[in-house]
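The values are calculated or read from the model by the stated rules, or taken from the named source; none is laboratory data. Note that the structure is predicted; figures quoted are calculated from it, not measured. Because the Cβ atoms are built from the backbone with ideal geometry, glycine has one as well, and the counts that use them run over all protein chains shown. Areas reflect the complete protein model, heavy atoms only, side chains present, ligands, DNA and RNA absent. Shrake-Rupley method; radii C 1.70, N 1.55, O 1.52, S 1.80 Å.
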Amino acid sequence: MNLVDLAIVVVIGLGVLVGWRNGVIGPLLAEGTFLLTYWIVATHPSLVSMIPASVPRPLALLLLPIALGLVVGFVGRTIFMSFFRLPLTRQLDKLLGAAANGGLAFVIVYVVLLGLAGAGTVLDPLTRAGSVQPSQVAAMQMLLAENPQVAGFVPSGELGQLATVASVHPVALAQLAQYAHVINYYQHTLRPQLATSQLAPLVMQYGARLPIIGRHVTLPKA
């Protein structure tokens, strides 16, 4: 079990636990807000600048949705429960909360893995090159244009900087971090973890059956 597997277990486990402890309403609001905010931040990566630069950018992409989801979940549950009382016993509320929020936590994991898989597709030209050259950068820019939802994991600004440097001289993969910190973090940290994960393929397999958002996607190889 690697770090990606551990993260999957923790997220889904927390979803079940929080749903059991807090019932249906609050956690559903929190996780629904996370999904909406994650989509907004993923498609508008400039919002990630609100997170301190010391936090790795792929992780920073998740912090803002998490923070906003927690606030909305707590406030929403407080307001909702002040005006409405669900005709449920406490035990039934716990069971429904655990089931509903565990399921939504699975959806959250699947959506994030979709983004990471999409980033792997965009960055695939790097895996077949010993150094970054203009042709690889042009290929990645074209793939990013076809997959704009992964801009948070593959910033267009970093690709632009790589294009500028690569037009003067090839960039060795060992020097990638000097010009593209986020892309380097994905390539050398996240990609190997995804490639060796035991649980991520299962999440992708069952997540593909979800209505509307489900689709068959191949996880990146190391």
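A few comments on the model shown:
- Selection over the stretch 164-202 of residues that are touching a residue at least 40 places away in the same chain (Cβ under 8 Å) and open to solvent by 80 Å² or more (accessible area, probe 1.4 Å) gives a count of 3.
- Residues that are under 15 Å from the mean Cα position of the chain (by Cα) and among the polar types (S, T, N, Q) within the stretch 188-222 comprise Thr189, Gln193, listed in sequence order.
- Counting the residues of the stretch 131-151 that are in a helix (DSSP H, G or I) and within 24 Å of His169 (Cα to Cα) gives 11.
- The residues in the stretch 133-157 that are open to solvent by 20 Å² or more (accessible area, probe 1.4 Å) and more than 17 Å from the chain's Cα centre (by Cα) can be counted, and the count is 13.
- Identity of the residue in the stretch 82-130, part of a helix (DSSP H, G or I) and of a type in the set (Ser, Thr, Tyr), that ends up modelled with the lowest pLDDT: Ser82
- Selected residue (only one of Gly130, Gly160 is out of contact with any Ser or Thr (no Cβ under 7 Å at 6 or more places or on another chain) and open to solvent by less than 60 Å² (accessible area, probe 1.4 Å)): Gly160
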